[in-house]
1. Going through segment A:87-115 one residue at a time, which ones are under 24 Å from the mean Cα position of the chain (by Cα), surrounded by 20 or more Cβ atoms within 10 Å (Cβ to Cβ) and within 7 Å of chain B (Cβ to nearest Cβ)?
2. What helices (runs of 4 or more DSSP H) completely inside segment A:173-268 contain at least 1 residues that are among the acidic types (Asp, Glu), in contact (Cβ under 8 Å) with a residue 60 or more places away in the chain and under 27 Å from A:ASP292 (Cβ atoms)?
3. If A:ALA122 passes every condition in (1) small (Gly, Ala, Ser); (2) within 11 Å of chain B (Cβ to nearest Cβ); (3) over 28 Å from the mean Cα position of the chain (by Cα) but one, which one does it miss?
4. Of the residues that sit in segment A:50-81 and are at pLDDT below 85 and facing chain B (nearest Cβ under 7 Å), which one is surrounded by the fewest Cβ atoms within 10 Å (Cβ to Cβ)?
5. Please specify each residue of segment A:25-39 satisfying the condition of being assigned to a loop (DSSP other than H, G, I, E, B) and either away from chain B (no Cβ under 14 Å) or modelled with pLDDT of 90 or more (or both).
6. Please find, among A:VAL142, A:VAL165, A:VAL160, the residue that is surrounded by 20 or more Cβ atoms within 10 Å (Cβ to Cβ) and without any contact (Cβ under 8 Å) to a residue 60 or more places away in the chain.
7. Could you please let me know if A:ARG22 is within 9 Å of another protein chain (Cβ to nearest Cβ), more than 30 Å from A:GLY148 (Cα to Cα) and not in a loop (DSSP other than H, G, I, E, B)?
8. Name the single residue that is surrounded by the most Cβ atoms within 10 Å (Cβ to Cβ) among those in segment B:10-29 being within 19 Å of B:ARG90 (Cα to Cα) and of a type in the set (A, V, I, L, M, F, W, C).
Amino acid sequence: MQKTEPATTAATAIKIQNVSKRYRTVNALSDFSLEIGRGTIYGLIGPNGAGKTTLLRILAALIAPSGGEVWFEDAEVSKSAAVIQRKVGYMPDFFGVYPDLTSAEYLEFYAGIHGIPYKKRARIVADLLELVELTPKRDAFVETLSRGMKQRLCLARALVHDPEVLLLDEPASGLDPRARVELRELVRTLQGMGKTIIISSHILPELAEMCTDIAIIQGGRLIASGDVESVTHRLGGDRQLELRFLDTVQMPTALELLGGMPDISNVSNSEGNTILLDFGGDDQALNQLLVDLISRKLPIISFAPRSGSGRLEEVFMSITEGSTAT
Amino acid sequence: MTFFALLTKELRLRMRRERTIWIVIVYILFMGLLGWFALNRYNTTNGYNSSGLSNVGLNLYYLLSQLQLLLIIFVTPAFTATVINGEKERQTFDLLLCSRLSGFSLVFGKLLAGLMNALLLIAASAPLFSLIFFFGGIAPMQVLRALLVYVVTTVLVGTFGMLCSTLLPRPSVSTAITYMVCLLWIGLPLIFSLIMLSMGQGVVSGKPPVTSQPGLLFVWNPVTALTDTYPPAGFTYSPAGFNPLFLLMAGLNPTYTGTGLGTFSLLGMKLSPWLAYTILSLTASAVFLALSTWLVKPNATRRLQAPIGGHPPLRGRQPEKESTDSATSEGGTAAPA
């Protein structure tokens, strides 16, 4: 069997090349290519039916692509499904739990079917329960756990064989705000442990805050990919800044000054002491703008780009305009 | 190792269900009560005497053994005909596929756990059967042969149920089809027998074809096999007797004379029907198990086309049909994300 392409580079964990997946008359993925860096938290964004779950299932070697290749280092998914399944921890968008097992038994079972020796299982289960903060629920039946706890247990289950890559399909759906924050922290902890994490989600604020990189998918095609800032900048145009002043006394001066500056457009006084504007310059120009404002002794108390999540939401809404949720 | 992890989990889950205990209780109560009524009726009709005790034992054994066989066939599909598609419905199947479980471990682990339930019923009924020895008339070897027929029948029905659960996405459909096939399996020879009896070719005609070769349809039948384990000369057939099931058995096989069934030739060997049944059933079970193992993992058709030790090239491959994925890996939910 001849290897047609070089495996992934040292910095690349997964290389997806021209992957397509067809279900009878529906193209779930078309000519999809993407490189996912090692140790990144990669967010997959797209409306329902975009192909996110299909992509994750291909990465988990659960379904074979109709065309194209997916490489994990030097292993191609369709040729080495068993190898891939050792490298990958998959958490689907449903719980998939056995309600009549306790949390510890549930994890022990998955440790067993992942080939972990019996003697090591108890230690691994204890560590995982501690990681997901479920140690007090060790002997509780899975059916008695809250949704957030079940989600954390499922995440622990995906980690039971210490995979290099984690595939999380809608991990935050249905969780309350506290559980989401806990999940986010957990994902960051896992990134700190050197794992590459791929997350598909509809909850854009979560993705914007959690992910280092994102890929926007629509109709089975890749619209854009890269780090969050660059993608939103590329698709959403200029970044939006929000400036807040101590009072309204010098607002006219500030508006006049900002209106005449380069790279700035759409200056508006949204609230009494707040100005919104679109900024087209780079980070250096942004720094210069702040220096200019302070040097003119304007009483500025807040100078912030509008949150990434808000921007991401705008970008998402604009690219998915007209597509119906399924 | 992965196999034992799966088996342990399955047994844990099954034994924790209230349903398991209730099935055992109802099963034993049903058999016990029926046996008790039968004994009472025999006592009322014939009374006990020194020579009749073994007849009481025999008749009780006939009744209980036939009842047990029918109950096993009735109960086993409930334990095995949903083992694979039940996982799909519970959305845990993908997680099993993502593990290091081989197709065989997955299928065999689930099957064994399902069969354990049925075998538990057989074991639980042992005290009832031990009563037979109190009355006498039955040799332990005959009971052991009957036990073998039970186990073989359980394995055969269980593996067939599991094949159905691998092939069909809905647990209710696979269970219904398993029951339907079991019914035909037992019922078809009976129907043929009745037709033959009506045409004057059976035992009723007074010319029992003792030496003739019984057809496969009759030999590969659990009721025939069980009948063959009974004492050849000890049975006193009476259509008006207290055991109406004998009428069915007499009609079931035209070679039946009340002194044992005709032998069956398999690969040049002359075998008793119960032995031929055991061999045929175990062979069929192995085939069902192999098919389930092959079908349980995704892309079964593609794996068949792949060269040994390799896979078909990815490039230029024809788009696969949805049905392949939906049937094997997605449990019928083939909709894209």
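The values are calculated or read from the model by the stated rules, or taken from the named source; none is laboratory data. Nothing here was measured: the structure is a model prediction, and the numbers come from that model. Cβ sites come from the backbone with ideal geometry, for glycine too, and all protein chains shown count toward neighbours.
1. Matches in segment A:87-115: A:TYR90, A:PRO92.
2. Output list reads A:228-236.
3. (2)
4. The residue in question is A:LYS79.
5. Passing the criteria: A:ARG38, A:GLY39.
6. A:VAL142
7. yes
8. B:LEU13
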